[in-house]
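The values are calculated or read from the model by the stated rules, or taken from the named source; none is laboratory data. This one's a predicted model, so the numbers in the text were calculated from it and none came from an experiment. Quick reminder, even Gly has a Cβ in these numbers, built from the backbone with ideal geometry, and neighbours come from all protein chains shown.
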Amino acid sequence: MAVRSEALAPSWREGRVTGWLTTVDHKRIGILYIVTSFFFFFAAGVMALLMRLQLAQAGNDIITRNDYNQLFTIHGTAMIFLFVVPILAGFGNYLVPLMIGARDMAFPRLNAMSYWLFLLGGLVILGSFLVDGGAASSGWTAYTPLSTEEFSPGTGQDLWILGLHLTSLSSLAGAINFLVTIHNMRTAGMTWMRIPLFVWAMEAFSVLLLLVLPTISAAVTLLLLDRQAGTSFFTGENGAVLWQHMFWFFGHPEVYIMVLPAMGILSEVIPVFSRKPIFGYKAVAFSTIGIAFASMLVWAHHMFTVGMPDALQAWFMITSFSVAVPTAIKIFNWLATLWRGHLWFRAPLLFCLGFIGLFTMGGLSGVMLAVFPVDYQTHDTYYVVAHFHYVLFGGSVFGIFAGIYFWFPKMTGRMYDERLGVAHFWLMFIGFNAAFLPQHMLGLMGMQRRIYTYDREGLFEWYNLVSSLGALLMGIAILVFIWNMTKSWRSGTRVGNDPWGADTLEWYATSPPAPHNFDRVPYVSSSRPLRDLRERLRERGA
Amino acid sequence: MGRTIVAIAAAAVALALAALPIVLALVSPGGLGGLAPPDQASPSGQAINELYWFVFGICAVVFVAVETALILFILRFRRRPTTPADAEGPQIHGNTRLEIIWTVVPSVILAVIAVVVLVRTPAVHATGGDRSDELVVRVEGHQFYWRYVYPDGQISLDTLVLPVDRPVKLELVSYDVNHSWWVHELTGKQDAIPGQVNELLLRPTVEGTYEGDCAEFCGVLHAVMPTTVEVVSREEYASRIEQLSGQDQAGDAQLALGRESWERTCAKCHGAAGEGDLGPPIARNGTLVDADALTALLNEGLDTPGVEGYMPPVGRGWPAFQVEALIEYVRSNEDLAPPEQDGGSG
């Protein structure tokens, strides 16, 4: 082996730093993705804390109105484009080849390029705070004509467009890479009905990215032309609504791009910690595809107040409902997987249970928002802010933390500190609900989104204060998490290949896996090859 | 074992904490602490509220059912200290009949919601009352104020006066960016979008003063772009409109429109006495009384290189008499009027 790896990589690439900078190994790229996007998560989280500081009391004057508008614009942009999507791509990079028994991704160099484009895009977006006039301040949705040259003259908006182009390019290349890998590099016996459900999720993730990213790339390109070349795609008649159609045709599937892989993580973790197979593998796999398909039909439910005909509003309400069905199927299948299991309450399972509880809330408030007459009142209020944080934080981010704790031993060869992990969960769970539950009420009481100040006192102000304190608690939870990770990565207890008694192939490799992943891959005869292997060993021993 | 107890206790604490706002909301007076949408002073607003409660009721039942199952399973199926480490649960791979049931049941529930919503949609857009008596008011969203134009051309800024019990059609337009007109105790919101006219129908049924906001992010002062709707008796409406300035009026009515234009438009960025705030100081600036220069500025805005921010085209769509009214007001105001201009009275 040593001779071959020497031929593959010259020795100067093996330095502690250069090894990481020049790597084309999917596992290292995966870790780079995860660590980098976590830094962006931290930055965007600090922005959220600053906003909650400003909103903690009526009439606060801590953050200026210009700064506030930049903060919420970059907070949203960074959380979506620089944290949730790339960290899931990081999991995909690390796990997909291992889970299907492959040596690496199909295109390792393209894979490295995806990561470096993502990093560059992230630096452009965050760096835009430093330019004259500051970062973009027209919201992550960049509605026209507000985001056009006339109303947003600064360089910040142009850098925002450039940053989106870079991250979109990164995601497109990544999506192609995932699809080619999943379709062509599955090991012997790994049929479509045997691939891990996380791989199904990455398949749907990649297909959705390929289908909708071109739309946002086109939209921001046209916006750039409007701003810099004097065209009027979005400034003329109907231009404002055209932007919203193009943006949300991408923007709504983007939600599922961020949720489906997190759901895939749940479908891996829950069976392991219940000591049961997933209930209804096919239903979970097909509901993944069902959600992906339906998610492309619902975009204009973000636009019920732009003056669409009732028939069109009714159509988009019904299509939105149609996403709720496969989503409900998943929730029920996870509950049925828990049923009669031997639930092992380690941090990964806690975060999965948190996901189920919180995502249910976000899903149901989503049904309420899809009812277009109700949306006339709740649209663009804190009710919507609460809703999508229950979906994307209570859902995706809890799923991401479940994944980090679950695969930490595989990636580092060491176990994390369980007590800190449990503390992280409870701080986060309580802080999250304190932060976002009152925002439903605030929305109904008339608090519109994206305001840097308000003058109402009494209950209105109290809810805002509770929300800010909850955000602070979440910040503390993240510090506990960082402490846990840094400490455990250096000095956690060493673990073997399979500390959880898990079912899928990545646990057959060493922890951390060798650069070439596997010496041999066992023949796969079910969706749980490792459990099959344990059974065979037990039979042989008996 | 201690761990399990700790976990259960922690779960109970967390649930109690999560439930606390709901309990608080239920016992606190008035709007159920925000859990209930506020009472509506129009039939369409009430129709929206009825739909809210209908869908909320169904979602609440589903929510309680799912969360109860989750908590029961967590308590009932937790791994006991006596459970061997390699013990497995029953290896159930699925149950087709069960899965069909939990696919069909949500579909049916959602179909029922959809049917009810579609049946009730006409009520959401209905005003009731005599439509031939309809009052049409043009609502312009501007950075960062609302401009109302009544049928005979009278103008008011930020404050809209409506007669009680008369059907109203608001025609929403914008000359700059997207805005959204939202008076949440009257009815739902509707966007004001450049290049199109959106309609919002309502019939206010209760006299009173209603506070509203811009709901669509529209720029730096989006948070402080309030509006007030005063619903008054028909007689009072007539006399209030009488006082507002339109095309042919001069004197006090003209000065009042000028003052309103200054306070609602210029002063929001340049300060009440033009001393400068978000925008630079403009008190005693000659442009304020130069009709041509002022009209150009109000229509085009200004992006001065090197100065942070920009001036939006705040007066796009103003008729000439509103610009004149503003100039007259500036001339009449000692703090604002530029010195020794021809015809200057300050």
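Rundown of residues vs (1) among the charged types (D, E, K, R); (2) closer than 18 Å to residue B:264 by Cα; (3) at pLDDT 95 or above, yes/no style:
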position: B:125; (1), (2), (3): no, no, no
position: B:135; (1), (2), (3): no, no, yes
position: B:141; (1), (2), (3): no, yes, yes
position: B:163; (1), (2), (3): no, no, yes
position: B:170; (1), (2), (3): no, no, yes
position: B:174; (1), (2), (3): no, yes, yes
position: B:177; (1), (2), (3): no, yes, yes
### Filter result for residue A:205 (of a type in the set (Phe, Trp, Tyr) and within 26 Å of residue B:194 (Cβ to Cβ))
no
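Every residue, every condition in (1) under 16 Å from residue B:200 (Cα atoms); (2) among the polar types (S, T, N, Q); (3) not assigned by TED's automatic domain parsing to the domain that holds residue B:323, yes or no:
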{"site": "B:86", "(1), (2), (3)": "no, no, yes"}
{"site": "B:89", "(1), (2), (3)": "no, no, yes"}
{"site": "B:103", "(1), (2), (3)": "no, yes, yes"}
{"site": "B:111", "(1), (2), (3)": "no, no, yes"}
{"site": "B:140", "(1), (2), (3)": "yes, no, yes"}
{"site": "B:144", "(1), (2), (3)": "no, no, yes"}
{"site": "B:156", "(1), (2), (3)": "no, yes, yes"}
### Failed condition for residue B:250, given (1) surrounded by fewer than 19 Cβ atoms within 10 Å (Cβ to Cβ); (2) touching a residue at least 12 places away in the same chain (Cβ under 8 Å); (3) closer than 19 Å to residue B:318 by Cα
(2)
### Query
Which number in (1) β-branched (Val, Ile, Thr); (2) surrounded by fewer than 21 Cβ atoms within 10 Å (Cβ to Cβ); (3) touching an Asp or Glu at 6+ places or on another chain (Cβ under 9 Å) marks the one condition that residue B:287 misses?
(3)
### Query
Here are A:464, A:484, A:497: which of them is polar (S, T, N, Q), closer than 20 Å to residue A:104 by Cα and at pLDDT 95 or above?
A:497
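Per-residue answers, yes or no, for (1) more than 10 Å from chain B (Cβ to nearest Cβ); (2) surrounded by 24 or more Cβ atoms within 10 Å (Cβ to Cβ); (3) on the phi > 0 side of the Ramachandran plot; (4) β-branched (Val, Ile, Thr):
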position	(1), (2), (3), (4)
A:420	yes, no, no, no
A:425	no, yes, no, no
A:430	no, no, no, yes
A:433	no, yes, no, no
### Query
Looking only at the stretch A:141-167, which residues are surrounded by 23 or more Cβ atoms within 10 Å (Cβ to Cβ) and touching a Ser or Thr at 6+ places or on another chain (Cβ under 6 Å)?
A:145, A:146, A:147, A:148, A:152, A:156, A:157
### Message
Going residue by residue through the stretch A:330-348, is there one that turns out to be in a helix (DSSP H, G or I), crowded, with 23+ Cβ neighbours inside 10 Å, of a type in the set (Lys, Arg) and within 12 Å of chain B (Cβ to nearest Cβ)?
### Response
yes
### Query
Here are B:61, B:149: which of them is assigned by TED's automatic domain parsing to the domain that holds residue B:221 and aliphatic (A, V, I, L, M)?
B:149
### Message
Can you tell me which residue is nearest to residue A:212 (Cα to Cα) among those in the stretch A:280-320 that are at the interface with another protein chain (Cβ under 10 Å from one of its Cβ atoms) and among the hydroxyl-bearing types (Ser, Thr, Tyr)?
### Response
A:320
### Residues of the stretch A:209-220 satisfying the condition of being closer than 11 Å to residue A:179 by Cβ and buried (at least 18 other Cβ atoms within 10 Å of the Cβ)
A:209
### Query
Quick one: in the stretch A:222-241, which of the residues that are outside any loop (DSSP other than H, G, I, E, B) and in contact (Cβ under 8 Å) with a residue 60 or more places away in the chain is surrounded by the fewest Cβ atoms within 10 Å (Cβ to Cβ)?
A:228
### Query
Can you find even one residue in the stretch A:247-258 that is within 13 Å of chain B (Cβ to nearest Cβ) and at pLDDT 95 or above?
yes
### Query
When both residues are 6+ apart or on different chains and their Cβ atoms are under 8 Å apart, which pairs have a first residue that lies in the stretch B:59-84 and is more than 7 Å from chain A (Cβ to nearest Cβ), and a second that is of a type in the set (Ser, Thr, Tyr)?
B:80/B:4; B:81/B:4
### Query
Do we have residue A:527 as touching a residue at least 40 places away in the same chain (Cβ under 8 Å), of a type outside the set (A, V, I, L, M, F, W, C), closer than 30 Å to residue A:417 by Cβ and crowded, with 16+ Cβ neighbours inside 10 Å here?
no
### Query
In the stretch A:441-463, what residues are facing chain B (nearest Cβ under 8 Å) and closer than 18 Å to residue A:361 by Cα?
A:441, A:442, A:444
### Query
Quick one: which of B:298, B:257 is more than 14 Å from every other protein chain (Cβ to nearest Cβ), part of a helix (DSSP H, G or I) and over 15 Å from residue B:142 (Cβ atoms)?
B:257
